[in-house]
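**Q** Okay, here's the structure, questions in a sec.
FYI, it's all coordinate maths here, none of it is from the lab. Just so we're clear, the structure is a prediction, and the values are computed from it rather than from any experiment. With ideal geometry, Cβ positions are generated from the backbone for all residues, glycine too; neighbour counts draw on all protein chains shown.
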Amino acid sequence: MPSKLVQYIQSRSKPIVERLGLRPDWYLTVMGALIGLVTAAGAIGFASALYSVEHWAGGTRTRWPLWTLPLIPMLGALITGALVHLFASEARGHGVPQVLHAIIRNKGRIPTRIGIVKVIASICTVGSGGSAGAEGPIIQIGSTAGSAIGRKLGASKEHMGTLVACGAAAGIASIFNAPIAGVFFALEILLRDFSLRTFTPIVISAVFATALTQVYYGQNDAIFAADLFDRAYVFTPAELPGYMLLGLLCAFIAVGFTHLLHTLEDFFEQLRLHPIVMPVLGALLLGLLGIAYLTIVGARAETPAFFGNGYETISALLEPRSYHEGGAMHASLILLALLLVCKAMATTLTLGSGGSGGIFAPSLFLGATAGGAFGIALERLGLIADTSSPASYALVGMAAVVAGATFAPLTAILLLFELTREPHVLAPIMLAAIVSTMVARRLMPDSIYTARLRQKGIHVGSGHDLTLLRRVPVMSAQITPLPTDPVYASDPLSKLITLHAHHNVPDFVVVDQEGQYMGMVTGADMRTALIDREAIPLLLVAELVRTDLPTIHPDETLDTVLDKFAKLDVASLCLVHDRDPGRPMGLITRSNIMSRYQRALEES
C-alpha cells in the first residue's frame, strides 16, 4: 500500500495531472529520477572504497615475496564467503541472474540486505585481486535501490520490475559513464520490453545517475578513451572478412567462457565444502595461477594482469603503440593468448567458487586480448589496413565477446561506443557483435545470465508479449465458479454427470470432508468413462480423480499460469484462496486465460 505521504501527493496532484493530460503512471518518471540519484551516490561510494582496497592490496603485493601472492585474494575471499553465507546467499556470483529472478518470479522484490552484502563482498573480492568486474555489484546496488524505493513509495506490483530496471540502468550509466548502454542493458537484458511506458522512467534514471556522477568527478571522459584511426580512415569492404572472422572467433570464446564458468560452478558445488571455504579455495587457485603466469613472463615484482577488473590492461591494449617496441606493454601474439586463457580461468575460479563480482569487465578483457591477438596475426600477414592497427581489433573484440556472452548486441555496441567515444569503429563493432551473437545463439541455448535460471525451471523468454504476461495478474481473468454442491471422492460418478448438465462446467474439483482440495476429475476422463455406460453406476469419483494437477494461487501472473497449462493436457485448473491455499475458490480455464491475454494486448 502507498504511504500516507504518497497518497497525499497523489491526491493533491491529481487535478494538475489531469489538466496536463499525463498518463496515470506519470509518477514512475519521478521515482526513476530518485532511483538514479540514489544509485549514483551508491556507485560513487562503492568505486571510492574499491579503489582504496585495490591501492592497499597492490602496494602490499609489491612488498611481499612472490610465494605470498595468494594470501591477499584468500583474505578477501574469506570475508566474502563469511558475509554471503551468514547474511545473503543471493550476493554470490555475478548478480544479474539474481536480478532477473527477482523481476520474473518475485515481482521485483529484492531485500535491502542483498545490496549491502553485495557491495561489501565485491569490494573484498575484486579489491583483493579476484578476477571480476565492478558492474555486477553496481547493478545489484541499483536494482536493490529501485526495489526498496518502489516498496517504500507504494508502487504497484505491476511497476516494480520497471523500477528495478531503472536502478540497473542507473548503475551501468554511473560506473561506466554510459547512460545509453545502461538504458539498453535494462531494456534488452532485464525487461526485454522496449515500450514507451518502460523506456521513459529508465532513461530518466540513467540520465540523473550520469549527471550526478559527472558533477561529483568534475569530468565527462570516456573510461577507455581511444584514438585508433587516422582522421582520413574510411571503413572499406576489404575489411569485412577480417571483422566477420573476429566476430566468429569471439563467439567461440564467449561460448567457451560461459561453459567454463558453469562447469566450475558445478565443480565447486560437488566438492561439498563449507560455503565459507569454497571462495578461499578459489582464491588459492587464482593465486597459484598468478604465480605461474609471473614466472612464465618473468615479471616477479608485478601484479598479474588478469587480477582485479583488468582495466589497466584493457587501456593498454587499446593503445596502438602497445603493439610495438617501447609501447605500454609490448603485446605479442603469445602474451595475449596466455592472458586470454589466464583471464578466463581466473574469472571462473573467482566467481565459480562463490566470489562476488561482475562478468562485463572480464568479457571486455577477453575480447581485447582476442581482438588484439587477431589483429597482430592480420598485421603479420599484411591483411590489415594502413590506417588501422591491432588496437582497433582489440576494441571490436571487446564488443563481440560481450554480445556473444550476453545475447545483447545492442547493449554491447552502445557500451563500447560510450566507453571509447571512437566513432570510426561503430561499423566494425556492429558487424562483429551481430556475427558473434548469431553464432553464439546457435551454439548454446542460453546466455551467461539465463543458463542457471533455466536449470531452475525459469524461462526468461523474449519480447513484449512475455513482459505483458508477467504484468497481468491471474485474478483479472474470468473465474468460473464452482458448483454449490461440493464433490467428494466417495460420491458416485453419476453425480458429476448431473452437475455437468446443470452447470456446464468442463472439469470438477474434488475436496475432502473438510473442504480441502484433493484433486480434479477432468472432462476428458469423464468422456472416457462414458464409453462403458453400464459401468457408470458402479464407478466412484475416487476412481477418476487426478491428484497430480497443480493449483493456481491468486498472486500468480499469466506467464506462470500458462506455463502450468503448457505442461498439462487439461482445460482448467483449480484456483485456491490466498489465505487458505487448500480451499478451492473457482476454476481458471485455458480459454479464459487466452482471452485475458488478448485483451491485455489490445489495451497495450
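**Q** Roughly speaking, what is the stretch gain from Ala524 to Phe194, that is 0.36 nm per residue apart minus the C-alpha to C-alpha distance, in nm to one decimal?
**A** 114.7 nm
**Q** If you don't mind, there's one more thing I want to ask. Assuming R0 = 25 Å, can you tell me the calculated FRET efficiency for the pair Leu426 and Ala225, based on Cβ-Cβ distance, to the nearest 0.05? Let's see the in-between values first.
**A** Details: r = 16 Å, r/R0 = 0.63.
Approximately 0.95, to the nearest 0.05.
**Q** List the residues, sorted by chain then number, that are 5 or more residues from Ile552 or on another chain and whose placed amide H is less than 5 Å from its amide H.
**A** Sorted by chain and number, the residues that satisfy this are Cys574, Leu575, Val576.
**Q** Additional query: Which shape class applies to region 100-180: rounded if a/c is under 1.5, otherwise prolate when a/b exceeds b/c and oblate if not, where a ≥ b ≥ c are the square roots of the Cα gyration tensor eigenvalues? Each step should come with its number before you reach the end.
**A** On the way: a/c = 2.44, a/b = 1.68, b/c = 1.46.
Since a/c reaches 1.5 and a/b is larger than b/c, the shape of region 100-180 is classed as prolate.
**Q** Could you tell me the calculated FRET efficiency between Trp67 and Met594, based on Cβ-Cβ distance and R0 = 51 angstrom, to the nearest 0.05?
**A** 0.15
**Q** Could you work out the percent of alpha carbon pairs in region 211-292 separated by over 22 Å, rounded to a whole number? Intermediate results must be reported in sequence, preceding the final value.
**A** Details: 2134 of 3321 pairs.
Beyond 22 Å sits 64 percent of the P(r) for region 211-292.
**Q** Under unit Cβ charges (Lys, Arg +1; Asp, Glu -1), what dipole magnitude, rounded to 20 debye, does region 237-455 have relative to its Cα centre?
**A** Working: 10 positive and 13 negative charges, 86 e Å.
Magnitude of the dipole: close to 420 debye.
**Q** Under a Cβ-only charge scheme (Lys and Arg +1, Asp and Glu -1), can you give me the dipole magnitude of the chain about the Cα centre, in debye to the nearest 20?
**A** Working: 43 positive and 44 negative charges, 213 e Å.
It comes to approximately 1020 debye.
**Q** Counting other beta carbons within 10 Å of each Cβ, put Tyr323, Tyr293 in order, fewest first. Please list the in-between numbers first.
**A** Details: Tyr323 24, Tyr293 21.
Lowest count first: Tyr293, Tyr323.
**Q** A further question follows. Tell me which residues come under 5 Å, amide H to amide H, from Gly358 once H is placed; ignore anything under 5 positions away on its chain.
**A** Placed amide hydrogens put Gly133, Ala134, Glu135, Gly136 under 5 Å from Gly358.
**Q** In addition: Enumerate the calculated ³J(HN,Hα) couplings along region 272-285 in order (Karplus 6.51 cos²θ - 1.76 cosθ + 1.60, θ = phi - 60°), each rounded to whole Hz, writing x wherever the residue is Gly or Pro.
**A** So the J values, rounded to whole Hz, are 6, 7, 5, x, 6, 7, 4, x, 5, 5, x, 5, 4, 5.
**Q** Could you run the Karplus curve 6.51 cos²θ - 1.76 cosθ + 1.60 with θ = phi - 60° over region 187-197 and give me ³J(HN,Hα) per residue in whole Hz, x for Gly and Pro?
**A** Coupling constants for region 187-197: 6, 7, 9, 7, 8, 6, 9, 9, 6, 5, 5 Hz.
**Q** List the aspartates and glutamates whose alpha-carbon lies under 18 Å from that of Lys456, not counting same-chain residues fewer than 8 positions away?
**A** Counting by Cα, and skipping residues close in sequence, Lys456 has these aspartates and glutamates nearby: Glu90, Glu265, Asp266, Glu269, Asp446, Glu556, Asp559, Asp563.
**Q** Another question, then. Specify whether the C-alpha gyration tensor of region 237-455 places it in the rounded, prolate or oblate class, a ≥ b ≥ c being the square roots of the eigenvalues: rounded for a/c under 1.5, otherwise prolate if a/b is larger than b/c and oblate if not. Display every interim value, and only then the final one.
**A** Values: a/c = 2.26, a/b = 1.30, b/c = 1.73.
Judged from the Cα gyration tensor, region 237-455 comes out oblate (a/c at least 1.5, b/c at or above a/b).
**Q** Between Tyr51 and Arg151, what FRET efficiency comes out of the Förster formula 1/(1 + (r/R0)^6) with R0 = 25 Å and r the beta carbon distance, rounded to 0.05? It would help to have the intermediate numbers written out before the result.
**A** Values: r = 32 Å, r/R0 = 1.27.
Given R0 = 25 Å and the Cβ-Cβ separation, E is 0.20.
**Q** Can you give the longest run of the chain that contains no trypsin sites (Lys or Arg not before Pro) sitting in a DSSP loop with at most 13 other Cβ atoms inside 10 Å? Intermediate results must be reported in sequence, preceding the final value.
**A** Numbers: sites that count: Arg231, Arg272, Arg300, Lys456, Lys567, Arg579.
For trypsin sites (Lys or Arg not before Pro) (loop position, at most 13 other Cβ atoms within 10 Å), the longest site-free span of the chain is 1-230.
**Q** Taking all pairs of distinct Cα atoms, average 1/r, flip it, and tell me the Kirkwood hydrodynamic radius of region 472-603 in Å to one decimal place. Walk me through the numbers before you get to the answer.
**A** Working: mean 1/r = 0.0652 Å⁻¹.
15.3 Å is the Kirkwood radius here.
**Q** Run the simple label-point estimate for Ser332 and Gln513 please: 7 Å along Cα→C-beta, distance reported in nm.
**A** 8.7 nm
**Q** For Met31, Met585, what ranking results if the residue with the fewest other Cβ atoms within 10 Å of its Cβ goes first? Write out the running numbers ahead of the final one.
**A** On the way: Met31 24, Met585 21.
Exposure proxy ranking, most exposed first: Met585, Met31.
**Q** Counting other beta carbons within 10 Å of each Cβ, put Cys166, Cys342, Cys124 in order, fewest first. Write out the running numbers ahead of the final one.
**A** Details: Cys166 38, Cys342 22, Cys124 26.
Lowest to highest Cβ neighbour count: Cys342, Cys124, Cys166.
**Q** May I pose another question? By how many nm would the segment from His553 to Asn504 grow when fully extended, if each residue of separation counts as 0.36 nm and the alpha-carbon distance is taken off?
**A** Numbers: separation 49, 0.36 × 49 = 17.64 nm, distance 2.39 nm.
Value of the extension gain: 15.3 nm.
**Q** If you don't mind, another one. Scaled to the compact-protein estimate 2.2 N^0.38 Å, what is the alpha-carbon radius of gyration of region 4-223, rounded to two decimal places? Write down the numbers at each step before the final one.
**A** Numbers: Rg = 18.8 Å, N = 220, 2.2 N^0.38 = 17.1 Å.
Working it through for region 4-223, the quotient is 1.10.
**Q** Taking every alpha carbon pair in region 335-412, what does the distance histogram look like in 5 angstrom bins from 0, in percent?
**A** Result returned by the calculation: 3, 17, 22, 22, 17, 11, 5, 2, 1, 0.
**Q** On to the next question. Over the Cα atoms of the chain, how large are the radius of gyration and the largest Cα-Cα distance (Dmax), in Å?
**A** Gyration radius and largest Cα-Cα distance of the chain: 28.2, 97 Å.
**Q** For region 93-106, take each phi angle, set θ = phi - 60°, evaluate the Karplus expression 6.51 cos²θ - 1.76 cosθ + 1.60, and give the result in whole Hz per residue in order, putting x for glycine and proline.
**A** x, 9, x, 5, x, 5, 5, 4, 4, 5, 5, 7, 10, 10
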